[in-house]
Every structure is written in C-alpha cells, then in structure tokens.
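Trainee: After the structure tokens below, expect a handful of questions from me.
Rule-based calculations on the coordinates, nothing more; no lab input. Please read all numbers here as calculations on a predicted model, not as lab measurements. Because the Cβ atoms are built from the backbone with ideal geometry, glycine has one as well, and the counts that use them run over all protein chains shown.
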Amino acid sequence: MLNDLQQINVFSLTLMEIISNLSMALTAGIILAWLYRKTYKGAGYAAGFVGSIVLLTIITALVIMVIGNNLARAFGLVGAMSIIRFRTAVKDVMDIVYIFFSLAVGMASGVGYFRLVIVGLIFIGITTWIIFNTRIINPRKNEYLLQFTFQPNGSGDSPYQEVLNQYCRTQKLINVKTVDEYSNNLDMAFFVKMKNPDKYNEFIKKLSKTGANSVNLFYDDEAI
C-alpha cells in the first residue's frame with residue numbers, strides 16, 4: 001500500500017517550469033506586499049510581516065511542487081509541519097487574511113495555474129481596496145475621545161464649553177480627576193461626536209485658547 005502511494009506522482013517538472021512557478025510566486029508575493037501596505041490602517045506597521053508575505057508565497061509554491069501528486073509526501077509534510085509552533089500573536093485580523101491569501105496564491109503558482117493567480121490578485125485586490133479605501137462599506141466615523149487638562153478659575157464658568165458646543169454635535173463627560181495634589185488642575189475626558197471631523201485642527205487650537213492644556217483627540221487608539 002505504501003509503495004502504491006509513493007508511486008502516485010503523475011507529472012515531473014522541468015527546470016523552466018520550476019523557474020516559471022517560482023517567478024510567478026515572487027511576483028504575486030510582491031503585489032500582495034504592496035497591496036498590504038496600501039490597505040493597512042492599523043498602528044505599528046511591521047516591515048518584517050510584509051517581507052514574510054513575499055517569502056511565504058514563494059515557499060508555499062515550492063512546497064506544492066515538492067508534493068506534486070504524491071500522497072506519501074503530502075502526509076509526510078503534514079507530520080513534519082506539525083512539530084512547528086508559532087507563538088507570535090497576530091495583532092490585526094487582516095494579517096491572517098493576507099497570510100491565507102499568500103498561501104492560496106503560492107499554491108496556485110506551484111501547480112502552474114498562472115491565469116488563476118492573475119485573476120485572483122486582480123479580483124481580490126480590487127475588492128480589498130474598495131473595502132478599506134472607500135466609504136461604501138467602511139464609512140468614516142466622527143466619534144472621538146477628547147482629553148485635556150484645565151485649571152478652574154473659581155467662578156464656575158467653563159470657557160471650553162462654548163468651543164465644544166460649536167464643534168461637537170454631542171458631548172459626554174466620562175471622567176474628571178485631579179492631576180496632582182499640589183495644583184488645582186483637572187484632567188478632563190469627554191466622548192464627543194464632531195460636526196465636521198475635517199476641522200479637528202481648528203477645534204484643538206480654539207480649545208487651547210480657552211485655557212485647556214495638553215489637548216489630545218483620540219480615534220482608533222491613536223492621538224491626533
């Protein structure tokens with residue numbers, strides 16, 4: 001039975017076919033890396049991950065060519081790969097998507113399905129760009145976390161309130177605390193929905209003129 005499995009290998013690759021398959025995998029991997037850079041929206045861009053996408057595509061193509069139609073090699077490869085443990089945490093769900101994308105492209109390149117690779121890259125690439133660079137599926141949000149320090153003047157007036165009313169559609173005070181025990185400065189935190197998100201720079205400047213210090217406007221865990 002084992003001999004029968006080892007003999008199931010109906011094709012053999014020529015040198016030109018190997019070079020063509022690996023070249024297609026390399027080209028597809030570079031396109032994937034470029035697409036990842038253009039659609040990445042998170043914080044902490046990892047150049048190492050981008051390089052890994054290219055290498056993973058090429059390695060997958062090589063593995064597919066090694067396996068061919070040989071079932072014994074396929075089972076042996078599964079056993080060998082099972083001893084590998086990856087402990088690196090994936091920060092973004094889209095990173096997993098690109099890993100699967102590179103695996104699929106590498107497999108198609110390894111078996112010589114070049115038209116499938118090209119059509120898949122174009123179709124999925126355009127779909128990815130539409131999802132992450134237009135507002136059709138991913139509409140722009142206008143909700144922010146506003147933080148600043150303020151020293152009360154003792155009269156009960158809040159000069160920053162007029163600016164909040166001018167630029168914010170809604171506002172909700174979520175936290176107030178003293179900065180330290182030696183001053184009267186208060187650390188203020190508001191959850192606000194801006195009327196026009198494009199005017200955040202003007203909003204911060206006017207808020208600073210009211211006596212607010214260390215003004216920070218947060219969106220998606222990043223400070224503006």
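Trainee: Give me the extension gain from Lys209 to Glu162: residue separation times 0.36 nm, minus the current Cα-Cα distance, reported in nm with one decimal.
Mentor: The Lys209-Glu162 span can extend by a further 15.7 nm.
Trainee: In nm, give the distance between the simple-model label positions of Asp187 and Phe123, each being 7 Å from the Cα along the Cα-to-Cβ direction.
Mentor: Once both label points are built, they end up 5.2 nm from each other.
Trainee: What FRET efficiency comes out for the pair Ile30/Val93, r = Cβ-Cβ distance, R0 = 25 Å, nearest 0.05?
Mentor: Working: r = 23 Å, r/R0 = 0.92.
It comes to 0.60.
Trainee: Once you've got the Cα coordinates, tell me which of Lys38/Lys209; Lys38/Lys172; Lys177/Lys209; Lys38/Lys177 are over 31 Å apart.
Mentor: Lys38/Lys209; Lys38/Lys172; Lys38/Lys177
Trainee: I've got another one for you. Whose amide H sits under 5 Å from the amide H of Cys168, counting only residues 5 or more places off or on another chain, with H placed in the peptide plane?
Mentor: Hits under the 5 Å cutoff: Lys195.
Trainee: Starting from the 7 Å offset along Cα-to-Cβ, what nm value, one decimal, do you get for the label separation of Phe114 and Ile131?
Mentor: My value for the distance between the label points is 2.9 nm.
Trainee: On to the next question. Could you compute the net charge surrounding Ile30? Neighbours are other residues with a C-beta less than 15 Å from the C-beta of Ile30; K and R count +1, D and E count -1. Working shown, then result.
Mentor: Numbers: positive: Arg37, Lys38; negative: none.
Spelling it out: positives minus negatives among the neighbours equals +2.
Trainee: Still on this structure, please answer the following. Could you calculate the FRET efficiency of Gln151 with Ala46 from 1/(1 + (r/R0)^6), where r is the beta carbon distance between them and R0 is 30 Å, rounded to 0.05?
Mentor: 0.15
Trainee: Let me ask you something else. Place the peptides 124-132, 200-208 in order of packing, highest mean first, counting for every residue the other Cβ atoms within 10 Å and averaging per peptide.
Mentor: 200-208, 124-132
Trainee: Give me the number: length gained by fully extending Glu143 to Ser12, i.e. 0.36 nm times residue separation minus the C-alpha to C-alpha distance, one decimal in nm. List each step's numbers first, then the result.
Mentor: Working: separation 131, 0.36 × 131 = 47.16 nm, distance 5.89 nm.
Extra length from Glu143 to Ser12 when fully extended: 41.3 nm.
Trainee: At Leu55 and Lys195, where each label point lies 7 Å from the Cα along Cα→Cβ, what is the point-to-point distance in nanometres?
Mentor: In this crude spin-label approximation the distance works out to 5.3 nm.
Trainee: I would also like to ask the following. Tell me which residues come under 5 Å, amide H to amide H, from Asn185 once H is placed; ignore anything under 5 positions away on its chain.
Mentor: The answer is Val179, Asp180.
Trainee: Another question about this same structure. Ranked from highest to lowest mean number of other Cβ atoms within 10 Å per residue, what is the order of the peptides 21-29, 99-107, 170-178?
Mentor: 21-29, 99-107, 170-178
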